[in-house]
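Working notes, structure below.
The values are calculated or read from the model by the stated rules, or taken from the named source; none is laboratory data. Here the structure is a predicted model, which means the values were calculated and not measured. Cβ sites come from the backbone with ideal geometry, for glycine too, and all protein chains shown count toward neighbours.
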Amino acid sequence: MAHFEKANSLNEWMDQRLGVNTLQRVLAKEYWIPKDINFLWAMGMVLAITFGILLISGIFLLMYYQPNVDLAFDSVNYTIMQEVGFGWMWRHVHAVAASVVFLIIYIHMFTGIYYGSYKKGRELIWISGMLLFVAFSAEAFSGYMLPWGQMSYWAGMVITNLFSAGSLELNGVVEWIRGDYVPAQAFLDRFFMLHVLLIPVAIMALIGLHFGALRLPHVNNQNGEEIDFEVEAEKYKSGNKAASKVIAFANDFMSKDMFVVAIYLVFFFYLVFWNFDFAMDPVNFDPANGLVTPAHIYPEWYFLWSYEILRPFDKDIGLIAFAFAQVIFVLLPFLDRSPNTVPANRRGLFKFWFWAMLLDMIVLTAMGKLPPQGIFSTIGYVAALVFIGLWIILPFITKLEKKL
Amino acid sequence: MNQTRRGFMGKAFGAVAGVGAVGALYAMKRSWDPLPSVKAAGFTTIDLSSCTANKLIVEKWRGKPIFVLRKTAEMVAAQNEAQTARDIVIGDDHYLVAIGLCTHLGCIPAYREDKTDFKCACHGGEFDSSGIETLAPPPSPLVIPPFKINGATLVLGEEGPEYSKMKEAGIVA
């Protein structure tokens, strides 16, 4: 039995048993954040808060939702929307947050790419972040099945068909995933389970890994400067806060972080209460019908770029291009051969690579929404080729880059 | 002696855990298989005698739409051998019977009576009146479901001799 003194306060009592003061010191009070950052460094907290909002609104939706092919549509569109007090609000909060969370993820990602925040010890932050992107994509897709409208059903049909791997015709795999020949009760039930249990648990675990991977290499800064955190921390702790290049995570940095979050939440709730329609596809207000295909089947806006990489090619090549697009971002720390960790605008050809990639993904997104006809088809095809080409040339142009 | 004992214990533990893990994975895989009741509900009977020529009828089998099209004499006369080989012939009548899902990504193509072909709205693929793809992206013809001819009716889900013959010729999928 370990020796315990009598505690004189609740804090001391907790510290003896849980080491709360050590924990607080390591995770907050003496977790140092560079001063040389901007509002883009708050996107992580914006994402954490948005995930919290999704979790809370999801809990309330879960109490009335019915995962049954005959009841699901009405449980959402009648019970939750019309009967449950403020049910409409939870639904719009959940739908808007599910859409906006991807906007913030993309900003967060491209911020990381621009400032080179995936290099020199920060590789695992990037990799865990991309795993989070995959998990969020699976979460969004499985959630989209639940209202069991036309778009739910047909998106479920098309996406599960991808697992037949084109000409390999692995129909057994597709039927196994669905638990039926077509999306039906077994399909809805298992995607419900994935959406409310397995994937959220995986996301929470990955968020833990993502934060953990950040603690030792620390947050990057606007100039990619290598900071001696011990020296700067000493300056800060000795009271010379003005000369120190760092501030403490809590409460200094958090108070600035939460200010950005507050501005974001104004924008978020503006969308929830006045402009929720963008997150509500009208086609999904028709109940699922296996015998009528909607005229156009398209994913939500955040999947359009990868959908457009699938679409213009033949079936097998399209699938390979699609698979390429899904995994290639994970490899960024290893495909970027340059030793420089500075903003893209100081990195020679990489500067053009960055803006070309960003622009290309916007073009792919726009073309993915338009019907695949005439000039749009051609632009989409070219943009898909550019996407693949940019990734192929990345190791070469970064290898050529001069060391700064 | 101690080392070998520990080594043995480690291997024995690893073996037991490995067998358990494989068993658990197999059980999980089986739990996701289609249920016997889902599989058993897989037979549909279609009466072909009520079909009008060049009018598409859509039936349902295992939750999927089934295209049934009686062809006109002109359509049959204009066909090549590969197209005719996919017809179900009862008396003098030729029928197309196929699963009405585009072989690209599973949308339902629409039948155009004036052009006697199928057009998929999702990605623009086209099939002729025998279900053979004529415009990409679909990589293969519409799938012919297992059938058995029973007088003027068709039982889907059961393999009759005519279906077996098509299957051997490699034209059902």
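Okay, here's what the table says:
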quantity: Search result, residues across the stretch B:114-137 that are in contact with a helix residue (DSSP H, G or I) (Cβ under 7 Å, 6 or more places away or on another chain) and not in a loop (DSSP other than H, G, I, E, B); calculated: B:128
quantity: Those residues of the stretch B:133-158 which are touching a Phe, Trp or Tyr at 6+ places or on another chain (Cβ under 8 Å) and farther than 18 Å from residue B:120 by Cβ, in sequence order; calculated: B:145, B:146, B:147, B:148, B:154, B:155, B:156, B:157, B:158
quantity: Matching residues, the stretch B:14-66, being of a type in the set (A, V, I, L, M, F, W, C), touching a residue at least 60 places away in the same chain (Cβ under 8 Å) and within 11 Å of chain A (Cβ to nearest Cβ); calculated: B:61, B:66
quantity: Residue that is surrounded by the most Cβ atoms within 10 Å (Cβ to Cβ) [pool: residues in the stretch A:29-61 that are touching a Phe, Trp or Tyr at 6+ places or on another chain (Cβ under 8 Å), in contact (Cβ under 8 Å) with a residue 40 or more places away in the chain and among the aromatic types (Phe, Trp, Tyr)]; calculated: A:32
quantity: Residue match in the stretch B:138-156 (condition: modelled with pLDDT under 80, assigned to a loop (DSSP other than H, G, I, E, B) and crowded, with 16+ Cβ neighbours inside 10 Å); calculated: no
quantity: Subset of the stretch A:276-294 (residues that are without any contact (Cβ under 8 Å) to a residue 24 or more places away in the chain and under 22 Å from the mean Cα position of the chain (by Cα)); calculated: A:277
quantity: Residue in the stretch A:227-242 that is among the aliphatic types (A, V, I, L, M), in contact with a Pro (Cβ under 8 Å, 6 or more places away or on another chain), in a helix (DSSP H, G or I) and modelled with pLDDT of 90 or more present; calculated: no
quantity: Residue A:43 farther than 16 Å from residue A:269 by Cα, assigned by TED's automatic domain parsing to the domain that holds residue A:272 and touching a His at 6+ places or on another chain (Cβ under 6 Å); calculated: yes
quantity: Unmet criterion (only one of (1) more than 19 Å from the chain's Cα centre (by Cα); (2) within 23 Å of residue B:155 (Cβ to Cβ)) for residue B:16; calculated: (2)
quantity: Count - residues of the stretch A:289-312 that are within 11 Å of another protein chain (Cβ to nearest Cβ), touching a helix residue (DSSP H, G or I) at 6+ places or on another chain (Cβ under 8 Å) and either surrounded by fewer than 21 Cβ atoms within 10 Å (Cβ to Cβ) or part of a loop (DSSP other than H, G, I, E, B) (or both); calculated: 9
quantity: Residues of the stretch B:12-59 classified as surrounded by fewer than 11 Cβ atoms within 10 Å (Cβ to Cβ) and among the basic types (Lys, Arg), total; calculated: 2
quantity: The one condition in (1) acidic (Asp, Glu); (2) within 14 Å of another protein chain (Cβ to nearest Cβ); (3) part of a helix (DSSP H, G or I) that residue A:139 fails to fulfil; calculated: (2)
quantity: Residue under evaluation residue A:155, criteria (1) more than 23 Å from residue A:197 (Cα to Cα); (2) touching a residue at least 40 places away in the same chain (Cβ under 8 Å), criterion not met; calculated: (1)
quantity: Residue A:340 of a type in the set (S, T, N, Q), more than 19 Å from residue A:105 (Cβ to Cβ) and in contact with a Lys or Arg (Cβ under 7 Å, 6 or more places away or on another chain); calculated: yes
quantity: Residue among A:162, A:168, A:194, A:131 that is within 14 Å of chain B (Cβ to nearest Cβ) and within 20 Å of the chain's Cα centre (by Cα); calculated: A:194
quantity: Failed item, numbered, when residue A:251 is tested on (1) closer than 30 Å to residue A:68 by Cα; (2) among the polar types (S, T, N, Q); (3) surrounded by fewer than 19 Cβ atoms within 10 Å (Cβ to Cβ); calculated: (1)
quantity: Among residues of the stretch B:136-159, those that are farther than 19 Å from residue B:75 by Cβ and within 14 Å of another protein chain (Cβ to nearest Cβ), counted; calculated: 10
quantity: Meets criteria (charged (D, E, K, R), surrounded by fewer than 17 Cβ atoms within 10 Å (Cβ to Cβ) and away from chain B (no Cβ under 14 Å)) for residue A:237; calculated: yes
